[in-house]
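Trainee: For reference, the structure I am asking about is given below.
The values are calculated or read from the model by the stated rules, or taken from the named source; none is laboratory data. Keep in mind it's a predicted model, so treat the numbers as computed, not measured. Glycine gets a Cβ as well: all are built from the backbone with ideal geometry, and neighbour counts include every protein chain shown.
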Amino acid sequence: MSSERFVTAPPAPEAEGLLKRFVDLAHPRLGTEVTFATDDFFADKSRLIQPEAPVFYPDRFDDHGKWMDGWESRRKRVPGHDWCVIRLGQRGTVHAVDVDTAFFTGNFPPEAMIEAADTVEEPGEADWRELVPLMPLKGDSHNVVTVAEPRTCRWLRLHIYPDGGVARLRVYGLVAKDWSEVPHGEVVDLVAVENGGTAIAWNDAHYGSPANMLAPGRAPVMADGWETARRRRPGNDWCVLKLGTAGTINSVLIDTHHFKGNFPDRFTLRAARLSTDPLPEDIGDDSAEWPILVPETKLAADAVLEIGEVKALGPVTHVRLDIFPDGGVSRLRLYGTKAP
C-alpha cells in the first residue's frame, strides 16, 4: 500500500563478511526449501529463506494479525516449542549461521538450537545431530554464530524456544560436490557454486561479492554480481577463485549483464595448481605471477563474451580474475574437465 512506511533491515558486518567467503546454502536459487513447520500461523515458513533483506510495514495487517517478514508461530499455550525443517538444495558443509530476528522485538524467541542430518530422504528422529547448541537470541538483531565442528549435511532443523518469529536464516558454508559422480571427460563449469567453487580473496568488493559471479543462471539484478568501488588510484582490481576440484579449463564465459556505465574496460585470467589455499595476506602478490590463462581482452557493456580457446595450462585449482581498472562482472563460467 502506497501509504505505508517501508523500512529495510540493515546488514550485519560479520554476516556480510561470511557471505563473501562462503555460500548461503539456504538460498532458494540452490533449490533449498522449508519443508515443514510446527506452526506458521502469523508468518509463512517459506519467508525464512527469502534472499531479500527483511522489510517492515508498520501499518500492514492480514487476517491473522500483524504482517511480518519471516517465519512466526502463534503464542504457545501448551508445553513444548516450535521448530521447522529446511531441505538444502545442495549438500554442503556448514561453517556458520545467522539467525536474523530483524523487526521482531516483543515477539522473538529467547533461544534457538539447530540440528543437521545427512540423509538422502527425509530424516528420521535418530538421524538428527546437534550443529549449533542452544544459543540466546536478541530481538531485532543478527545472531551470528560459527560452527565449532563444520558438518556436511542435506537437512537442517531450526528449534525456537518456546515460540515467536525469525526473519531470516542464513546458512554459510560450501557446497560438497561428489566429483566421483562426474565422468572423466565430461565438460562442466569447474567454478560454479553448485560444483563447489568459491571466492577466497579480493582487493575490493564494495558493491558485490566475487562469489556472486559463480551463482546459477544469469544475474537478475546488478547487485547479484561482483562490483568494486570507483578506482581513484593507479592499478586495477582483482579476485581469486577456487575451483570445485582440480581441472583443465578449456573455455570461458564472462558476462557483464546489467553493467552498462560501470563495466570493466578489459580483463585477464591467470591460473595455477596449488596443494593448499594460500594465506590471504600472500595471495595478492603471489597470484599476480601465476601463468596467463586468458590474455588482456576487451569487454563490452551488458554483454556475454565467450572465449573458446585459452592457454593450455593443464589441471589448475585456482584462478585470478583481473579487471581493468575497476567495475562490475555479473557471471564467470570456467568450462573444462576434472583432473584424472
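Trainee: If you go through the range 254-286 one residue at a time, how many are part of a helix (DSSP H, G or I) and exposed (fewer than 14 other Cβ atoms within 10 Å of the Cβ)?
Mentor: Of the residues in the range 254-286, 4 are part of a helix (DSSP H, G or I) and exposed (fewer than 14 other Cβ atoms within 10 Å of the Cβ).
Trainee: Let me ask something else about it. Mind listing whichever residues of the range 122-151 are polar (S, T, N, Q) and either exposed (fewer than 14 other Cβ atoms within 10 Å of the Cβ) or outside any strand (DSSP E or B) (or both)?
Mentor: Selection gives S141, T146.
Trainee: Taking the stated definitions as given, is D178 of a type in the set (D, E) and surrounded by 16 or more Cβ atoms within 10 Å (Cβ to Cβ)?
Mentor: no
Trainee: Answer yes or no: is there a residue in the range 287-303 that is among the acidic types (D, E), outside any strand (DSSP E or B) and either more than 30 Å from E52 (Cα to Cα) or modelled with pLDDT under 95 (or both).
Mentor: Taking every residue of the range 287-303 in turn, at least one turns out to be among the acidic types (D, E), outside any strand (DSSP E or B) and either more than 30 Å from E52 (Cα to Cα) or modelled with pLDDT under 95 (or both).
Trainee: Any idea which residue in the range 95-121 is nearest to Y161 (Cα to Cα), counting only those that are assigned to a strand (DSSP E or B) and in contact with a helix residue (DSSP H, G or I) (Cβ under 7 Å, 6 or more places away or on another chain)?
Mentor: Step by step, filter the range 95-121, then rank; the result is D98.
Trainee: Checking the conditions here, which among F22, F36, F42 is surrounded by fewer than 20 Cβ atoms within 10 Å (Cβ to Cβ) and either modelled with pLDDT under 95 or assigned by TED's automatic domain parsing to the domain that holds R87 (or both)?
Mentor: Answer to the check: F36.
Trainee: Could you list all residues from the range 289-340 that are at negative phi and of a type in the set (D, E, K, R)?
Mentor: Scanning the range 289-340 gives E289, E296, K298, E306, E309, K311, R320, D322, D326, R331, R333, K338.
Trainee: Just name the residue that is surrounded by the fewest Cβ atoms within 10 Å (Cβ to Cβ) out of those in the range 93-114 that are touching a strand residue (DSSP E or B) at 6+ places or on another chain (Cβ under 9 Å) and β-branched (V, I, T).
Mentor: Top of the filtered list is T93.
Trainee: Now a separate question. Report the residue count in the range 273-314 for those that are under 21 Å from T245 (Cβ atoms) and touching a Ser or Thr at 6+ places or on another chain (Cβ under 7 Å).
Mentor: 5
Trainee: Hey, any hits in the range 278-299 for a residue that's closer than 22 Å to G225 by Cβ and among the aromatic types (F, W, Y)?
Mentor: There is no residue in the range 278-299 that is closer than 22 Å to G225 by Cβ and among the aromatic types (F, W, Y).
Trainee: Regarding the range 186-199, can at least one residue be identified that is among the polar types (S, T, N, Q), part of a loop (DSSP other than H, G, I, E, B) and crowded, with 20+ Cβ neighbours inside 10 Å?
Mentor: So far as the range 186-199 goes, no, none of its residues is among the polar types (S, T, N, Q), part of a loop (DSSP other than H, G, I, E, B) and crowded, with 20+ Cβ neighbours inside 10 Å.
Trainee: Would you call A117 out of contact with any strand residue (DSSP E or B) (no Cβ under 6 Å at 6 or more places or on another chain), among the hydrophobic types (A, V, I, L, M, F, W, C) and without any contact (Cβ under 8 Å) to a residue 60 or more places away in the chain?
Mentor: The answer is no for A117.
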